[in-house]
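I have placed the structure first, in the form of structure tokens, so that the comments after it can refer back to it.
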Amino acid sequence: MSATTLPTSTDDVRIPLRGHLRHTGALVRRNLLWIRQDPESMADALLMPVIFTLLFVFVFGGSIGQALGGGQDQYVQYVIPGMIAMMSMTLSQGVGTGFSQDFNSGVMDRFRSLPIGRGSVLFAKISVELLRMLFATAVLMVVAVLVGFDITNWGGLLATVALSTVFASSIMWVFLTLGVVMKSAQSVQAMGFLVLFPLQFGSSIFAPTGSMPGWLQHFTDYNPLSTLADAARGLMVGGPVAHDLWVTLGWSAAITAVMAPVAIHKFKTKS
């Protein structure tokens, strides 16, 4: 009589959607409890919007505001929607560094030995980072109101947050991939800096692009952070929205379609 071979991996077992949702919820709770035990991990989400808002408004607000035809108050209305776009990408990096730390500490080996869907681990990480991003956005808006930002369109603000969330979720697949393939959290952070820095400052987030060199303007035209920032301004303070909105959604769909399968494959095959 031959022995029956039992499945040894969740890859061999088809887990129903309800199971994936249950596993994802349990892992989200685990990640939130970890944040509760280590509140310092929220320092970037708390301090980054405060520091960046005060820095750009009070250091650059006067000169750039004059170029916009106003002053510091004019610059506040310009830069705050752009900073919501910046938060969506900057905080996305945390999902990669956290993922790398879990691998190096052995936590991920424990997850992979359990009868849970592999995708649940990834989706739980993304869900928690999106919650961190929403927290940072709330802090940003509190500081923005304190420095003079005028919220005239609450529907536009909510639409901006939703659009930023969609874009951030797509970027997180890139950082998840980096978290799997790179050897340390420091390497992920360094690579993230090299990616984020030119995208953020080569965009319309902090200043209009009209005075930039021609070659840089071509770059900003195709930079998804520029279209996200411009769409946010249109939604929150008025102006054209449709083109930048659809381009941002297109970028989000394309990045997700390419990077999500790569991240899942790398995670499943990582030894």
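A short reminder: the numbers here are calculations on the coordinates, not readings from a lab. Here the structure is a predicted model, which is why all the values come from computation and not from measurement. Please note: Cβ atoms are built from the backbone with ideal geometry, for glycine as well, and neighbour counts cover all protein chains shown.
All distinct Cα pairs of region 73-232 go into the 1/r average, and the inverse of that average, the Kirkwood radius, is 16.9 Å. Loop exposure criterion: trypsin sites (Lys or Arg not before Pro), DSSP state outside H, G, I, E and B, at most 13 other Cβ atoms within 10 Å. Applied to the chain, the longest stretch between such sites is 15-182.
Please find the FRET efficiency linking residue 26 to residue 66, where r is the Cβ-Cβ separation and R0 is fixed at 35 Å, and quote it to the nearest 0.05. About 0.05, to the nearest 0.05. Pair-distance distribution of region 46-163: all C-alpha pairs, bin width 10 Å, starting at 0; shares per bin in whole percent are 12, 35, 25, 15, 9, 3, 0.
Taking the Cβ-Cβ separation of residue 269 and residue 195 as r and a Förster radius of 25 Å, what is the calculated FRET efficiency to the nearest 0.05? Numbers along the way, then the final one.
Numbers: r = 24 Å, r/R0 = 0.94.
Here the calculated transfer efficiency is 0.60.
Relative contact order for region 130-271: what is it in percent, counting Cα pairs under 8 Å that are at least 6 residues apart? Over region 130-271, the number comes to 34 percent.
Scanning the chain for long hydrophobic helices, with DSSP H runs required to stretch 18 angstrom or more by C-alpha along their axis and to average at least 1.0 on the Kyte-Doolittle scale, returns 118-146, 154-181, 185-201. Based on Cα contacts under 8 Å between residues 6+ apart, the chain shows a relative contact order of 25 percent.
Taking the Cα centre as origin and putting +1 on Lys and Arg beta-carbons and -1 on Asp and Glu beta-carbons, what dipole magnitude results for region 29-126, to the nearest 20 debye?
Value, rounded to 20: 520 debye.
Shown here are the Rg and Dmax of the Cα trace of region 184-242, at 13.6, 43 Å. Across all directions, the average flat footprint of the convex hull enclosing the Cα atoms of region 94-184 is 7.1 nm².
Coordinate range of the alpha-carbon atoms in region 162-271 per principal axis, descending: 50, 26, 21 Å. Its alpha carbons considered, region 130-176 gives a radius of gyration followed by a Dmax of 12.3, 37 Å. Over all Cα atoms in the chain, the spread is summed up by Rg and Dmax: 20.6, 87 Å.
For the pair residue 253 and residue 131 in one chain, pulling the backbone fully straight at 0.36 nm per residue adds 41.9 nm over the alpha carbon distance.
Label-to-label distance, residue 158 versus residue 42, with points set 7 angstrom from Cα along the beta-carbon direction: 2.4 nm.
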